[in-house]
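In what follows, a single structure is set out as structure tokens and then discussed.
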Amino acid sequence: MNHKRLLTVLRNKGIPLPLVKWVASFLNERQAAVCLDGIRGDMSEVQNGIPQGSPVSPILAAYYTSDLLNLFCSNPAQSTPVPDKPTPVTIFMYVDDGKLTVSSRSLETNIIYLKSAYNKVDEWLYQAGLSPDYMKRELMHYTRRRKDGSPSITFDDRDGERQVVSPQAHVRWLGVHFDRKLFFTHHIKLAAAKGANAVCSLAMLANTVRGLHQKQIRHLYISCVLPKMLYAAPIWANGKANQLKPLAKVQRRALILICAAFRTTSTEALEIEASLPPLHLRIKQLNMQYAIRFNRLPFQQLSNNWRKGKKPKLPPPLPPKRFNNSTADNKRSTPLMELEKLTSPTHERSKPFHSPPWRKTASSFPNRVHIVPHSTPDTDTTPAQSHNTFLNEIKLSPQNVIALMELSLKCTKYRNFLPSGTS
């Protein structure tokens, strides 16, 4: 990521000059060194890239690749109909991880559109002074039809080599392992393995004779083990027993360690003694917390119940199906639809990165609150007399409400009382 180009993008996006100067100072005079086998090399100045671990870095990366996202947002509508009815190609970016998606009735049609979109991305990266990592390209087909095959994509890279990217059984995206049918079986196995390894590590720290106290083990399990196992649970958890069974085994091992109980002790008794809820209740709590975040998202990214007839910001991932209002159609649902049932678009909404939801301004009450600036009194009129005259004027209308606020500003002889507003 070139620093000069990043600053140019910020200015073109209308970012205030003081913030651009702050970013320039943030990226300036940074040095790095390579450490191999405990031997550190000489420090050298960093001309490109942004520091990892800083909360500012993802924001700067989003600005740097914003033009690439706009390139796909301005896709023109197809003039001629396509038999497979493909949706427009969409792109998702998180720092340096990107994903292209398209859906149609044929996997071969998806391959054609994905290859064309990837060439467009590669051209933009080349003009921006960037290059993709050819070894990290992955392909995944999401389908449950048995007759569908697994077509591959052939790329002619800029280095002169031709590479064939074949579809894989599992693809990792932002820490979640996706499979072809979106059953998340592989992800749950890995999550249970991570949790089991963490519980074994806890067993090394304490036993029935010495080591950490049971309260400390319980605290480590809640803060270190559960987040690993239940990462992104609202995405993959469907409440079925086949998903919770491998994770419940890990929690039972942790409960036996925390309570120092026998292996024959029932799980329900261990959960009561350790004050740990079952996993299905823990996942339900996570779903409720995720549902609250819906009230911080734009309506264009949610379902029809939230958008109120407006078009979605991005096309749906699959062509809409024709429902006949049968019992099977009414039971169809997705994790997103299940989370929507826990909240409502009529609930209180908050604007992130703007102001707290309880801090209201005059713009929040149009045609109801009017801020009247205090006028400077004449030389022959004291501030108190001017204030009383103003109050007598607004008392004439029964629709006005008088609110007084004592400010810290003091005059020479009188304390200044100003009305905060009338409604």
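On the stretch given as region 123-175, residues that are assigned to a strand (DSSP E or B) and open to solvent by 80 Å² or more (accessible area, probe 1.4 Å) total 4.
Of all residues in region 272-292, those satisfying the criterion of being over 23 Å from Leu342 (Cα atoms) and either of a type in the set (Ser, Thr, Tyr) or open to solvent by 30 Å² or more (accessible area, probe 1.4 Å) (or both) are Ile272, Glu273, Ser275. Restricting attention to region 97-109 and to residues that are touching a residue at least 40 places away in the same chain (Cβ under 8 Å) and assigned to a helix (DSSP H, G or I), the residue that is farthest from the chain's Cα centre (by Cα) turns out to be Glu108.
Does Lys240 satisfy the condition of being within 18 Å of His177 (Cβ to Cβ), out of contact with any Phe, Trp or Tyr (no Cβ under 6 Å at 6 or more places or on another chain) and at pLDDT below 90? It is true that Lys240 is within 18 Å of His177 (Cβ to Cβ), out of contact with any Phe, Trp or Tyr (no Cβ under 6 Å at 6 or more places or on another chain) and at pLDDT below 90. Please work out if Ile217 is in contact with a strand residue (DSSP E or B) (Cβ under 7 Å, 6 or more places away or on another chain), part of a helix (DSSP H, G or I) and under 25 Å from Glu273 (Cα atoms). Yes: the conditions hold for Ile217.
Pairing each residue of region 232-260 that is closer than 18 Å to Ser275 by Cα with any residue that is open to solvent by 60 Å² or more (accessible area, probe 1.4 Å) and not in a helix (DSSP H, G or I), provided the two are 6+ apart or on different chains, yields C-beta distances under 8 Å for Ile256/Phe262; Ile256/Arg263; Ala260/Thr208. In region 154-183, the residues that are at negative phi reach residues that are open to solvent by 80 Å² or more (accessible area, probe 1.4 Å) and in a loop (DSSP other than H, G, I, E, B) with C-beta atoms within less than 7 angstrom, at least six apart or across chains, in these pairs: Gln168/Glu138; Val171/Glu138; Arg180/Tyr142; Lys181/Arg144.
Scanning region 45-94 for residues that are of a type in the set (Asp, Glu) and modelled with pLDDT of 80 or more yields Glu45, Asp67. Scanning region 153-187 for residues that are of a type in the set (Val, Ile, Thr) and more than 26 Å from Leu130 (Cβ to Cβ) gives a single hit, Thr185.
Taking region 229-256 as the range and being open to solvent by 40 Å² or more (accessible area, probe 1.4 Å) and out of contact with any Lys or Arg (no Cβ under 7 Å at 6 or more places or on another chain) as the test, the residues that pass are Tyr231, Ile235, Asn238, Gly239, Lys240, Ala241, Asn242, Lys245, Ala248, Lys249, Arg252, Arg253. Considering region 208-224, and only residues there that are of a type outside the set (D, E, K, R) and open to solvent by 90 Å² or more (accessible area, probe 1.4 Å), the residue that is farthest from Ala198 (Cα to Cα) turns out to be Val209. Among the residues that make up region 61-68, is at least one of them at negative phi, without any contact (Cβ under 8 Å) to a residue 12 or more places away in the chain, within 23 Å of the chain's Cα centre (by Cα) and in a loop (DSSP other than H, G, I, E, B)? Checking region 61-68: not a single residue is at negative phi, without any contact (Cβ under 8 Å) to a residue 12 or more places away in the chain, within 23 Å of the chain's Cα centre (by Cα) and in a loop (DSSP other than H, G, I, E, B).
The set of residues from region 332-349 being assigned to a loop (DSSP other than H, G, I, E, B) and either among the hydroxyl-bearing types (Ser, Thr, Tyr) or open to solvent by 80 Å² or more (accessible area, probe 1.4 Å) (or both) comprises Arg332, Ser333, Thr334, Lys341, Leu342, Thr343, Ser344, Thr346, His347, Glu348, Arg349.
The values are calculated or read from the model by the stated rules, or taken from the named source; none is laboratory data. Please read these numbers as outputs of a predicted model, since none were measured by experiment. Glycine gets a Cβ as well: all are built from the backbone with ideal geometry, and neighbour counts include every protein chain shown. Ligands, DNA and RNA are stripped out before the accessible areas are found, and what is left, the full protein with its side chains, is counted by its heavy atoms. Shrake-Rupley method; radii C 1.70, N 1.55, O 1.52, S 1.80 Å.
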